[in-house]
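The values are calculated or read from the model by the stated rules, or taken from the named source; none is laboratory data. Keep in mind that what you see is a predicted model, and the values were worked out from it rather than measured. Cβ sites come from the backbone with ideal geometry, for glycine too, and all protein chains shown count toward neighbours. With ligands, DNA and RNA removed, areas are computed over all heavy atoms of the protein, side chains included. Shrake-Rupley method; radii C 1.70, N 1.55, O 1.52, S 1.80 Å.
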Amino acid sequence: MKIERITVIVIDGVGAGELPDASKYGDTGSNTLSNTARVLGGLELPNMGEMGLGNITPIEGVPPREMTRGAYGKCLEISKGKDSVTGHWELMGVEVKKPFPTYPNGFPKEVLNEFRKLTGLDVLGNKPASGTEIIKELGEEHVRTGKPIVYTSADSVFQIAAHEKVIPIGELYRLCDISRNMLKGDHAVGRVIARPFIGDNAETFTRTKRRHDYPILAPTDTMMDTLIKEGHEVYATGKIDDLFGNRGITKTHHSVFNMESIQATVDFMDEDFTGLLFANLVEFDMTFGHRNDVKGFGQKLEEFDAFIPTIRNKMKDTDIAMIVADHGVDPTTKSTDHSREYIPLLVFGEQVKNNVNLGIRQSFADVAATIGEAFSVTPPAIGTSFLREISSD
């Protein structure tokens, strides 16, 4: 099986049913795909359905099939936690053994005191909140006082919101750099995020596209690092660069919009390179999942599914592609948090055997292990390759 390029597309937050330990995370009953389809009275996903998506978990409108165009299965997460950094790290072969800290009651005094000491600034907020709501609530006070708005969410994040005319973008990024270096040990959050906004008052405040993430860096090489060290390329789009701190990437197109990331993916397919094309489609999670917008979530799934033939047409005979996720974010539950779920695994390409049930994979890292075997590079510390199961040779 000669493979020159592997494309991995992460449909962010699109889980496929609660994991065995979901109750420990408050996620009993979560199933992003099944519950979304049920509430909407069905989903039209003919292309992923053809690959076996309906065989992975019951999905109204996407029946299971005896004959599938490619391979299908689902993956269990061995890392602790249910956030994007953890899920993406494990997909690339790194296990998170201790969950990143979260702050349902806001950050403790020692964190904020250290922030004040290092920056000379007092803060507003200090609580979990929706990013759009907290700037409505505190934006005018921020403009009046110059104090940055510091807040978190259900995720492991330390977010700083500031009006671009009050704290210029360069200064906001500097504050985030200081915070990233400050938040270590027990307070080593998954991400520090700059959240700039503009507008004249609470009714017109809107966040800008100049958001920037400062992730904690993986403690060991990811499969992305390994590929580059062993002579291959890693192209990335979506928020992959943010999640990995721009490490292990040779070329990137940053985007927070699904269709822009999909277009970047197919554009990258026109380029001549050997290695990994890693795409993240974040709108499922960021725009719809966290806001419990079931209808919008379903529409984005159907929109992505409709684009799969274009992706197939761009693939060379030596390409294979995988569709996966990083966690769940079931929009039908009361929670607006991520959910601890299996992720779907769909594998396709000219060299991928049809009608292959890959079963329940015991780690997201099986993706990294398969990539490693395909390119004959150093395998990850975790994960089991399924290359031979899908090979049509």
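Please work out which residue is surrounded by the fewest Cβ atoms within 10 Å (Cβ to Cβ), limiting yourself to region 214-239 and to residues that are among the acidic types (Asp, Glu) and closer than 15 Å to Pro380 by Cβ. Even if it seems obvious, please write down each step before you answer.
Quick first cut of region 214-239, residues among the acidic types (Asp, Glu) only: 221, 225, 230, 233.
Restricting the remaining residues to those that are closer than 15 Å to Pro380 by Cβ gives 221, 225, 230.
Working: Asp221: 19, Asp225: 20, Glu230: 13.
Filtering first and then ranking leaves Glu230.
Of the residues Arg65, Arg38, only one is modelled with pLDDT of 95 or more, touching a helix residue (DSSP H, G or I) at 6+ places or on another chain (Cβ under 7 Å) and open to solvent by 10 Å² or more (accessible area, probe 1.4 Å); which? Spell out how you get there, then give the answer.
Working: Arg38 fails: touching a helix residue (DSSP H, G or I) at 6+ places or on another chain (Cβ under 7 Å).
When all the criteria are applied, what remains is Arg65.
How many residues are over 18 Å from the mean Cα position of the chain (by Cα), among the β-branched types (Val, Ile, Thr) and not in a helix (DSSP H, G or I) if we restrict to region 261-290?
The number of residues fulfilling the criteria is 1.
Which residues, taken from region 41-75, are over 16 Å from the mean Cα position of the chain (by Cα) and among the hydrophobic types (A, V, I, L, M, F, W, C)? It would help to see each step written out before you state the result.
Residues of region 41-75 that are over 16 Å from the mean Cα position of the chain (by Cα), as a first pass: 41-74.
Across region 41-75, the qualifying residues are Leu43, Leu45, Met48, Met51, Leu53, Ile56, Ile59, Val62, Met67, Ala71.
Take region 198-213 and flag every residue that is under 24 Å from Asp177 (Cβ atoms), surrounded by 13 or more Cβ atoms within 10 Å (Cβ to Cβ) and touching a residue at least 40 places away in the same chain (Cβ under 8 Å). Talk me through it step by step, then tell me what you get.
Here is the first cut: in region 198-213, the ones under 24 Å from Asp177 (Cβ atoms) are 198, 207-213.
Add one more test, that the residue is surrounded by 13 or more Cβ atoms within 10 Å (Cβ to Cβ), and what stays is 198, 207-208, 210-213.
Arg207, Thr208, Arg210, Arg211 - these are the residues of region 198-213 that are under 24 Å from Asp177 (Cβ atoms), surrounded by 13 or more Cβ atoms within 10 Å (Cβ to Cβ) and touching a residue at least 40 places away in the same chain (Cβ under 8 Å).
Taking into account only those residues within region 379-393 that are in a loop (DSSP other than H, G, I, E, B) and in contact with a Lys or Arg (Cβ under 9 Å, 6 or more places away or on another chain), which is surrounded by the most Cβ atoms within 10 Å (Cβ to Cβ)?
Restricting attention to region 379-393, the residues satisfying the condition of being in a loop (DSSP other than H, G, I, E, B) are 379-386, 392-393.
Next, only the ones that are in contact with a Lys or Arg (Cβ under 9 Å, 6 or more places away or on another chain) stay: 383-384, 386, 392-393.
Numbers: Gly383: 29, Thr384: 13, Phe386: 22, Ser392: 11, Asp393: 7.
Per the stated criteria, the residue is Gly383.
Across region 71-107, which residue is surrounded by the fewest Cβ atoms within 10 Å (Cβ to Cβ) among those that are at pLDDT below 95 and of a type in the set (Gly, Ala, Ser)?
Per the criteria, the residue is Gly81.
Looking at Thr28, Thr36, which is the one that is more than 30 Å from His232 (Cβ to Cβ) and in a loop (DSSP other than H, G, I, E, B)? Full working, then the answer.
Working: Thr36 fails: in a loop (DSSP other than H, G, I, E, B).
Exactly one residue qualifies, and that residue is Thr28.
Tell me which residues, restricted to region 255-302, are in contact with a Pro (Cβ under 8 Å, 6 or more places away or on another chain), of a type outside the set (Phe, Trp, Tyr) and open to solvent by 10 Å² or more (accessible area, probe 1.4 Å).
Result: Arg291, Asn292, Asp293, Val294.
Could you look through region 44-60, keep only residues that are within 17 Å of Ile11 (Cβ to Cβ) and part of a loop (DSSP other than H, G, I, E, B), and pick out the one that is most open to solvent (accessible area, probe 1.4 Å)?
Glu44
Any chance you could count how many residues in region 170-222 are at pLDDT below 95, among the basic types (Lys, Arg) and out of contact with any Ser or Thr (no Cβ under 9 Å at 6 or more places or on another chain)?
So the answer is 4.
Could you tell me which of the residues Val192, Val157, Val150 is under 24 Å from Leu217 (Cβ atoms), open to solvent by less than 60 Å² (accessible area, probe 1.4 Å) and touching a Cys at 6+ places or on another chain (Cβ under 6 Å)? Please lay out each step first, then the result.
Details: Val157 fails: touching a Cys at 6+ places or on another chain (Cβ under 6 Å); Val150 fails: touching a Cys at 6+ places or on another chain (Cβ under 6 Å).
Selected residue: Val192, the only one of Val192, Val157, Val150 that is under 24 Å from Leu217 (Cβ atoms), open to solvent by less than 60 Å² (accessible area, probe 1.4 Å) and touching a Cys at 6+ places or on another chain (Cβ under 6 Å).
Do we have any residue at all in region 254-263 that's acidic (Asp, Glu) and touching a residue at least 24 places away in the same chain (Cβ under 8 Å)? Don't jump to the end; show me each part of the working.
Of region 254-263, the ones acidic (Asp, Glu) are 260.
Next, from what is left, pick out any that are touching a residue at least 24 places away in the same chain (Cβ under 8 Å): none.
No, because not a single residue in region 254-263 is acidic (Asp, Glu) and touching a residue at least 24 places away in the same chain (Cβ under 8 Å).
How many residues are open to solvent by less than 20 Å² (accessible area, probe 1.4 Å) and β-branched (Val, Ile, Thr) if we restrict to region 160-182? Spell out how you get there, then give the answer.
Just the residues of region 160-182 that are open to solvent by less than 20 Å² (accessible area, probe 1.4 Å), to begin with: 160-163, 167, 172, 175-176, 179.
Then keep just the ones that are β-branched (Val, Ile, Thr); that gives 160, 167.
Of the residues in that region, 2 qualify.
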